[in-house]
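Q: Next up is a structure, given as structure tokens.
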Ligand code: HEM
């Protein structure tokens, strides 16, 4: 039987996190109950105070055995997990990607099939398009701001941060006929099921299935219509990802079936919206809490320097990143941090949480990690992971996220005007007041 425990009552603010867990062990002789209580507290800390919790683990127990997974917090160990994809696999969410999206990069470990798909996708979605994407983001963000600028208060989440990536990516992919609201609506249940449904909650699974069942036929239909259009207009230059993938079907080496193309397009939607939105929201909220730094960031935004504003945004996100780490499944027995004092034997089948947030604050990796310092080298930041599954949209996100903040900041003096509401951990709304008369 499951005992429900109020984790609030367990949390004792003046005690270290590790001490609180130790107290639970001392208090309860029944292992199952003790583990259940510890798991609840750890989940709460990972959600509410991840930086403090991970900092303590990194300093005191850098490879930490939580009741059902191991948390890795040192930069060197986090990188060892990410870069060792043969051992630390994405099998933890593979089946979910298969059922929610279909075979797609994120359902595959390192394999010839993975390389084939990624190579074709890279030709259709090349890094050099980041400049073109920049133009799209500028245009779409200004259109959104025109609507926002008319009122004194706007909702950062629903009127800007979630809509902007949907508008930008649908245009870049060549799926402009799909409404941004639909993209926003589908992608959250998909993302939640793939990345956050570790306990396999059937309701979350069902919501993702419903999103897939609505999205996939619509994308299939657009692909079929685009085939017809391209047949009638063979001279049409292929400038969208979809047009490129369809044109590339003529050559066996770059052929992907319509089904595969459709999966990848849905996968791109899923990968883009929530993480970009959360990054925009967290960067803005973090900067608004630091008045001196905010003033400098606004100045950078007004100077029109993308690079300057980006430095503020990435540093703000280092304290408050869109994701605090990633799960991996250990495929075979392995010794992590071999040859060090913290060397740990990990058994095949163990779930690992590789805490990139902790790594970005590891003094062995980053100089004076507690200081907010602009101009740190880009490798200080681990938002896009490392290793084979490094974010496919990294160079586009490096453009989009700072640009979204840059366009927003000069609107006026921004003030958080209410509490953020959430939908099971994901931001739903955050009112922002714009005071325009500030010099
Ligand atoms: C244009 C926007 C984006 C696109 C198209 C995109 C797409 C993708 C794709 C396709 C993958 C799978 C890559 C692979 O398996 O080889 C991926 C992975 C990843 N993306 Fe993105 N992404 C975008 C934005 C973001 C943002 C804003 C963040 C966070 C700041 C992010 C963080 C990640 C991470 C951490 C992974 C690794 C997931 C894992 O290995 O478990 N992405 N992305």
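Q: Out of the residues in the stretch 175-196 that are assigned to a helix (DSSP H, G or I) and within 13 Å of the ligand (Cβ to nearest atom), which is farthest from the chain's Cα centre (by Cα)?
A: Among them, the one singled out is 183.
Q: Here is a further query. Quick check on the stretch 140-174: of everything there that is crowded, with 23+ Cβ neighbours inside 10 Å and not in a helix (DSSP H, G or I), which residue is nearest to the ligand (Cβ to nearest atom)?
A: Step by step, filter the stretch 140-174, then rank; the result is 162.
Q: Within the stretch 390-439, can you find the residues that are under 15 Å from the mean Cα position of the chain (by Cα) and modelled with pLDDT under 95?
A: Selection gives 425 alone.
Q: Let me ask something additional. How about the stretch 87-106: which of its residues are in a helix (DSSP H, G or I), more than 12 Å from the ligand (Cβ to nearest atom) and touching a helix residue (DSSP H, G or I) at 6+ places or on another chain (Cβ under 6 Å)?
A: 98, 100
Q: Given the conditions (1) over 24 Å from the mean Cα position of the chain (by Cα); (2) in a loop (DSSP other than H, G, I, E, B); (3) touching a residue at least 40 places away in the same chain (Cβ under 8 Å), which single one is not true for residue 245?
A: Result: residue 245 fails condition (2) only.
Q: Separate question: State all residues of the stretch 148-194 that are in contact with a helix residue (DSSP H, G or I) (Cβ under 7 Å, 6 or more places away or on another chain) and at pLDDT below 95; if no residue qualifies, say none.
A: Hits for the stretch 148-194 are 148, 149.
Q: Also, I was wondering about something else. Just for strands (runs of 3 or more DSSP E) wholly inside the stretch 278-389: which have at least 1 residues that are surrounded by 14 or more Cβ atoms within 10 Å (Cβ to Cβ) and within 16 Å of the ligand (Cβ to nearest atom)?
A: Hits in the stretch 278-389: 326-330, 351-354.
Q: Here's a follow-up. So how many residues does the stretch 67-86 have that are part of a loop (DSSP other than H, G, I, E, B) and either over 23 Å from residue 43 (Cβ atoms) or touching a residue at least 60 places away in the same chain (Cβ under 8 Å) (or both)?
A: 7
Q: Checking the structure you have, find out if any residue of the stretch 39-58 is in contact with a strand residue (DSSP E or B) (Cβ under 7 Å, 6 or more places away or on another chain), modelled with pLDDT of 95 or more and surrounded by 18 or more Cβ atoms within 10 Å (Cβ to Cβ).
A: yes
Q: Kindly establish whether residue 413 is free of Cβ contacts under 8 Å to residues at least 40 places away in the same chain and near the ligand (Cβ under 9 Å from one of its atoms).
A: No, not satisfied.
Q: Name the single residue that is nearest to the ligand (Cβ to nearest atom) among those in the stretch 107-126 being under 25 Å from residue 238 (Cβ atoms) and assigned to a loop (DSSP other than H, G, I, E, B).
A: Top of the filtered list is 125.
The values are calculated or read from the model by the stated rules, or taken from the named source; none is laboratory data. For clarity, every value in this text was computed on a predicted model and none was experimentally measured. As a convention, Cβ positions derive from the backbone with ideal geometry for all residues, glycine included, and neighbour counts pool all protein chains shown.
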